[in-house]
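Colleague: One structure, pasted below without further comment.
The values are calculated or read from the model by the stated rules, or taken from the named source; none is laboratory data. These numbers come from a predicted model, not from an experiment. Counting neighbours? That spans all protein chains shown, and the Cβs are built from the backbone with ideal geometry, glycine included. Note: areas computed on protein heavy atoms with side chains; ligands, DNA, RNA excluded. Shrake-Rupley method; radii C 1.70, N 1.55, O 1.52, S 1.80 Å.
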Amino acid sequence: TVTLESLSKIENAESLLNELDDSLEAKVSSELKEDLVAAREEYNRLVKEKEEAENTAKVNAVKDAINAIGNVTLDSEDEIKTAYDLYNALPDNLKEKVDAGLLKLLEDAKKDYEELLTANLPDSVVFEFGENGKIWKFTN
C-alpha cells in the first residue's frame, strides 16, 4: 500500500534500479518495474490530492473569515484584519477562487468600519488605514 510516507522507499527502489547495469537490470521482472512505476504514480496522486485539500481549506478559511464579520461594529477590527490577512496570504491562483461578491463584502466591511471610527469626530482627528484594514496612523 502506497501512502504519503512511502516516498523514501520509492526513491530508494528507483535509485537501486537505476544503478543496476544492463545485464542485472534485465533480470528484474517487468512486473516489478511496473509495480515501481505504479507506486510512484500513486504517490504523486496522493501528494496532489493532499495539496488540493490544503488549498481548498485555505480558500474556505478566507470565505469563513469574511462571513464571520457579520454586522460591522467598532469591535470588528480584528475580524476584518484576519480576513484580509488570510486573503493576502493566498497565492494568486487561490485568490481567484474567492468569490468577487465575498471580496466586496470584505471591502464594504472595511469602509463601514472606517466610517464608524470617523463618525462625529472633530476634524483634527485623522485615521489612516493600511491595506489590511488595520489602523496604522492616528493623529489628534
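Colleague: Of the residues Lys63, Lys81, Lys58, Lys50, which is touching a residue at least 24 places away in the same chain (Cβ under 8 Å) and in contact with an Asp or Glu (Cβ under 9 Å, 6 or more places away or on another chain)?
Modeller: Sole residue among the options that is touching a residue at least 24 places away in the same chain (Cβ under 8 Å) and in contact with an Asp or Glu (Cβ under 9 Å, 6 or more places away or on another chain): Lys63.
Colleague: Where in segment 1-110 are there helices (runs of 4 or more DSSP H), lying wholly inside it, with at least 2 residues that are open to solvent by less than 80 Å² (accessible area, probe 1.4 Å) and acidic (Asp, Glu)?
Modeller: So the answer is 77-89.
Colleague: Can you run down the residue pairs with Cβ atoms below 7 Å, 6 or more apart or on separate chains, where the first is in segment 23-42 and of a type in the set (Asp, Glu) and the partner is surrounded by 12 or more Cβ atoms within 10 Å (Cβ to Cβ)?
Modeller: Every condition considered, the pairs that remain are Glu25/Leu17; Glu42/Val2.
Colleague: Among the residues of segment 3-38, how many are over 37 Å from the mean Cα position of the chain (by Cα) and of a type in the set (Gly, Ala, Ser)?
Modeller: The qualifying residues number 4.
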